[in-house]
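The values are calculated or read from the model by the stated rules, or taken from the named source; none is laboratory data. Keep in mind it's a predicted model, so treat the numbers as computed, not measured. Quick reminder, even Gly has a Cβ in these numbers, built from the backbone with ideal geometry, and neighbours come from all protein chains shown.
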Amino acid sequence: MRGGWRALVVCAFGWLAAVAGAREVTPLDDGWRFLRADAPGASATAFDDSGWARVQLPHTWNGVDGEAGGDYHRGAGWYRRELRLPAAPAGLRHVLQFDGAALRAEVWVNGQRAGHHDGGYAAFRVDITPWLVAGRNQIAVRVDNATAPHVAPLGGDFTVFGGLYRGVQLITVAPAHLDLLDDGGPGVYVTPGAVSAERAELTVSARLRNDGGQPRRLRLRLTLRDADGRQVASAEQQVQAEAQATVVARQPWTLPHPRLWNGPADPHRYTLTTEVLDGGAVQDALTLPVGLRSVGIDPQRGLLLNGRPHAVHGVNLFHSGRPGQGLAVTSAQVDEDFAILRELGVTGLRFVHFQHPQRAYDNADRAGLLVWTEVPLNAAMTESEDFRANLDQQLRELIKQNHHHPSVFIWGLGNEVYRADDAVVQQLARLHRLARELDPTRATSYAHCCAADDHAMARQSDVIGFNRYFGWYDGAFTDLGPWADRVHAGQPDRALALAEYGAGASVLHQQDPPTRPQPAGRFHPEQYQALFHEAYWPQIAARPWLWGAFVWVAFDLASAGRNEGDRPGINDKGLVTYDRATRKEAFLYYQAQWNDPRRVPVLHIANRRASPRAAGPAEVKVYTNARRVTLQLNGAALPAAAVQGGVARWPGVVLQPGRNHLTARGDTGATDQITWVAVPPSTRSP
């Protein structure tokens with residue numbers, strides 16, 4: 001596509017939020033019984049599950065073993081719980097919403113199969129109304145995380161945590177309501193036109209469902225308010241809804257002088273309330289945040305947010321997994337991750353390699369972070385029609401469920417398919433066409449690694465990202481810049497990003513200065529990861545035509561197939577440890593690069609865990625966003641050092657045997673101090 005990809009606007013919503021009294025949303029996270037095995041007959045109402053474990057959602061059966069690479073269960077598990085309902089007015093609809101069930105789920109109500117879903121990372125809904133009775137009801141769910149040839153992903157460098165690892169809700173609505181069965185989407189969408197600081201053109205589309213037995217004359221009422229609660233637009237219209245049918249109502253709007261969603265500087269969102277009325281009574285209602293902004297991606301200028309260059313630097317985020325929990329994390333833990341990411345100073349995130357929890361997208365909206373999110377076409381694929389249909393389904397779910405987020409600016413079509421043939425090209429082209437059909441306002445991308453840079457695989461999306469690890473898996477640190485320049489010169493019409501780059505590191509492994517480790521080896525010194533990123537970032541920053549650059553990865557992650565670094569089952573390329581307890585040296589390096597010293601002064605003496613160490617000459621290195629740093633060794637001042645590229649250095653500092661206390665101060669007022677224990681070389685442990 002010549003000239004790059006440009007969207008005039010993206011307008012987006014926050015996630016589902018019910019207006020009080022309009023619909024009833026009941027969490028169903030407690031009261032479950034669970035068995036980590038297949039259990040023939042467990043769907044029957046009278047089945048005896050008294051011997052099963054009691055669990056609360058979110059829940060996974062690989063929370064410990066899958067991380068350690070030991071008893072990694074890829075198979076079936078069962079969940080059962082009671083649901084008690086009072087006698088209710090006729091016509092109410094009851095819908096179960098599953099926020100995540102990996103990888104395949106079948107749902108039974110009172111012994112009757114009510115629905116199923118193939119795909120582990122999107123929300124899905126099942127209308128269970130036909131099988132419910134007043135009083136006691138039995139819900140049974142069979143979940144299976146075994147590889148299925150028709151369900152993506154078929155591969156990947158990560159643990160597949162089986163189970164109901166996100167929440168479950170019961171949604172109860174009147175017969176006239178917003179469509180709940182539109183691929184898990186909210187049923188209300190905004191199609192943008194032109195958006196600028198002068199005006200914003202929008203079209204609100206609402207899917208109204210009449211599950212009653214007679215046609216109805218419904219009323220759609222829309223109200224838009226700014227962040228201070230002031231009404232800025234409203235509209236009403238009559239909608240004829242036939243019995244047992246869905247009708248789409250559209251409302252165009254033009255807003256003068258809108259306040260734009262403008263990244264971290266001003267992530268402003270409006271609030272849209274959508275109400276469905278029958279006569280004078282509200283039947284259903286939904287309140288959604290709305291963000292207005294324009295995005296352009298240019299091969300020469302990089303990313304433009306609201307018409308201005310906007311540097312997108314950040315990390316790949318692999319969900320919010322935790323030791324002992326896997327992906328079955330709480331909202332508070334997702335929030336904790338985003339607090340760490342804001343501390344780091346990111347402006348963009350790549351959500352890999354599948355749809356993330358809605359809390360993550362909401363947090364990105366609020367923080368003003370741009371998000372690349374993708375479907376799980378990862379590593380492997382088949383040519384079967386069933387597999388293609390499943391990918392189409394997962395892409396529809398990804399787009400409809402996340403169309404509402406102003407943070408989302410890229411629909412990812414896949415990652416590192418380890419083959420390069422016509423079937424892969426056709427699959428990527430198919431996904432691109434579907435994405436543009438569903439949402440022509442956002443670009444598509446693909447994370448390319450394992451074929452020629454100009455292979456047809458890399459030209460099926462609007463823009464492209466490359467996964468490159470020079471200096472870790474192959475090549476040298478300094479290969480990055482020349483490689484990027486060659487690709488840019490060879491494809492001047494193609495907007496390029498660095499989708500992944502990184503190196504492994506264990507905070508338990510210290511070596512200063514480090515030797516180059518073996519990627520699959522058991523010794524991954526923290527210092528080598530820091531040197532990797534010290535070399536990479538200046539090469540990236542010198543090329544502003546890159547529309548994004550994303551470190552692999554924010555946090556160490558579970559990968560059951562790995563056996564390297566300080567323990568099996570972990571990919572240790574994170575800037576932060578899996579338990580979130582320790583920021584690695586590379587984290588502090590990027591914090592100094594990405595934060596404004598007027599708001600977040602950063603100063604960190606590097607290699608603080610490299611103790612004990614050899615006595616004698618050593619380099620002292622400080623990561624900082626100050627312009628000048630002073631250093632004291634055991635109270636004695638050393639000459640001040642100017643900061644170059646966020647690093648101040650003192651080579652040849654002589655460490656005496658025993659304790660060596662270092663204190664650094666920057667002209668921003670930030671300080672840091674550490675103590676190194678130095679020992680004569682002959683007395684050091686091997």
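Just the residues that are crowded, with 21+ Cβ neighbours inside 10 Å, on the phi > 0 side of the Ramachandran plot and assigned to a loop (DSSP other than H, G, I, E, B), please, taken from the range 307-330.
Hit for the range 307-330 is 319, nothing else.
Give just the number: which of (1) out of contact with any Asp or Glu (no Cβ under 6 Å at 6 or more places or on another chain); (2) at pLDDT 95 or above does residue 282 not satisfy?
(1)
Taking the condition out of contact with any Pro (no Cβ under 9 Å at 6 or more places or on another chain), among the charged types (D, E, K, R) and crowded, with 18+ Cβ neighbours inside 10 Å, does residue 74 pass?
Against the criterion (out of contact with any Pro (no Cβ under 9 Å at 6 or more places or on another chain), among the charged types (D, E, K, R) and crowded, with 18+ Cβ neighbours inside 10 Å), residue 74 does not qualify.
Give 386, 365 a once-over and let me know the one that is over 24 Å from residue 288 (Cα atoms), outside the structural domain of residue 623 (by TED's automatic domain parsing), in a helix (DSSP H, G or I) and at pLDDT 95 or above.
386
Test each condition in (1) in contact with a strand residue (DSSP E or B) (Cβ under 6 Å, 6 or more places away or on another chain); (2) not in a strand (DSSP E or B) for residue 550 and report the one that comes out false.
Among (1) in contact with a strand residue (DSSP E or B) (Cβ under 6 Å, 6 or more places away or on another chain); (2) not in a strand (DSSP E or B), the lone unmet condition for residue 550 is (2).
Just checking, which of 259, 269 is out of contact with any Gly (no Cβ under 6 Å at 6 or more places or on another chain), at pLDDT 95 or above and charged (D, E, K, R)?
Exactly one residue qualifies, and that residue is 259.
Under 30 Å from residue 501 (Cβ atoms) and assigned by TED's automatic domain parsing to the domain that holds residue 345: is that true of residue 562 in this structure?
It is true that residue 562 is under 30 Å from residue 501 (Cβ atoms) and assigned by TED's automatic domain parsing to the domain that holds residue 345.
Restricting the search to the range 483-508, which residues are surrounded by fewer than 22 Cβ atoms within 10 Å (Cβ to Cβ) and in contact with a helix residue (DSSP H, G or I) (Cβ under 6 Å, 6 or more places away or on another chain)?
507
Quick check on residue 417: is it β-branched (Val, Ile, Thr), assigned to a loop (DSSP other than H, G, I, E, B) and at pLDDT 95 or above?
Taking the combined requirement at face value, the residue satisfies it.
Which residue pairs have Cβ atoms closer than 8 Å, lie 6 or more positions apart in sequence or on different chains, and pair a first residue in the range 551-568 that is among the hydroxyl-bearing types (Ser, Thr, Tyr) with a second residue that is part of a loop (DSSP other than H, G, I, E, B)?
559/157; 559/158; 559/159
Kindly indicate the residue of the range 411-421 that is in contact with a helix residue (DSSP H, G or I) (Cβ under 8 Å, 6 or more places away or on another chain) and of a type outside the set (Phe, Trp, Tyr) and also surrounded by the fewest Cβ atoms within 10 Å (Cβ to Cβ) among those meeting that condition. Let's see the steps before the verdict.
If we filter the range 411-421 for residues that are in contact with a helix residue (DSSP H, G or I) (Cβ under 8 Å, 6 or more places away or on another chain), which is where we start, we get 411, 413-414, 417, 420.
Right, trim to of a type outside the set (Phe, Trp, Tyr) and you get 413-414, 417, 420.
Working: 413: 27, 414: 28, 417: 27, 420: 16.
Per the stated criteria, the residue is 420.
Please tell me if residue 608 is out of contact with any helix residue (DSSP H, G or I) (no Cβ under 7 Å at 6 or more places or on another chain), in a loop (DSSP other than H, G, I, E, B) and not hydroxyl-bearing (Ser, Thr, Tyr).
yes
Would you confirm whether or not the range 620-632 contains a residue that is crowded, with 20+ Cβ neighbours inside 10 Å, closer than 25 Å to residue 523 by Cα and touching a helix residue (DSSP H, G or I) at 6+ places or on another chain (Cβ under 6 Å)? Please lay out each step first, then the result.
The first filter runs over the range 620-632 and keeps only residues crowded, with 20+ Cβ neighbours inside 10 Å, leaving 620-626, 629, 631.
Next cut, closer than 25 Å to residue 523 by Cα only: 620-623.
The next check asks that each one be touching a helix residue (DSSP H, G or I) at 6+ places or on another chain (Cβ under 6 Å); those that pass are 623.
Yes: the range 620-632 contains one or more residues that are crowded, with 20+ Cβ neighbours inside 10 Å, closer than 25 Å to residue 523 by Cα and touching a helix residue (DSSP H, G or I) at 6+ places or on another chain (Cβ under 6 Å).
Has the range 155-165 got at least one residue that is under 28 Å from residue 45 (Cβ atoms) and surrounded by fewer than 22 Cβ atoms within 10 Å (Cβ to Cβ)? Show your work before the answer.
The initial filter retains those residues of the range 155-165 that are under 28 Å from residue 45 (Cβ atoms), namely 162-165.
Cutting the leftovers down to surrounded by fewer than 22 Cβ atoms within 10 Å (Cβ to Cβ) gives us none.
Checked the range 155-165: no residue is under 28 Å from residue 45 (Cβ atoms) and surrounded by fewer than 22 Cβ atoms within 10 Å (Cβ to Cβ).
Residue 133 fails exactly one of the following numbered conditions: (1) assigned to a loop (DSSP other than H, G, I, E, B); (2) closer than 24 Å to residue 384 by Cα; (3) β-branched (Val, Ile, Thr). What is the number of that condition?
(2)
Quick grid of which residues meet (1) part of a loop (DSSP other than H, G, I, E, B); (2) crowded, with 17+ Cβ neighbours inside 10 Å; (3) of a type outside the set (Gly, Ala, Ser):
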site	(1), (2), (3)
424	no, yes, yes
437	no, no, yes
472	yes, yes, yes
515	yes, no, yes
531	no, yes, yes
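Of 333, 358, which residue is surrounded by fewer than 23 Cβ atoms within 10 Å (Cβ to Cβ), among the polar types (S, T, N, Q), out of contact with any Pro (no Cβ under 8 Å at 6 or more places or on another chain) and touching a residue at least 60 places away in the same chain (Cβ under 8 Å)?
Within the list 333, 358, the selection yields 358.
Residue by residue, here is whether (1) without any contact (Cβ under 8 Å) to a residue 60 or more places away in the chain; (2) out of contact with any Phe, Trp or Tyr (no Cβ under 8 Å at 6 or more places or on another chain) holds:
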| residue | (1), (2) |
| --- | --- |
| 576 | no, no |
| 582 | no, yes |
| 603 | no, no |
| 632 | yes, yes |
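If you check every pair at least six apart or on different chains, which have Cβ atoms under 6 Å apart with a residue in the range 86-99 that is of a type in the set (Val, Ile, Thr) first and a residue that is assigned to a loop (DSSP other than H, G, I, E, B) and surrounded by 16 or more Cβ atoms within 10 Å (Cβ to Cβ) second?
95/180
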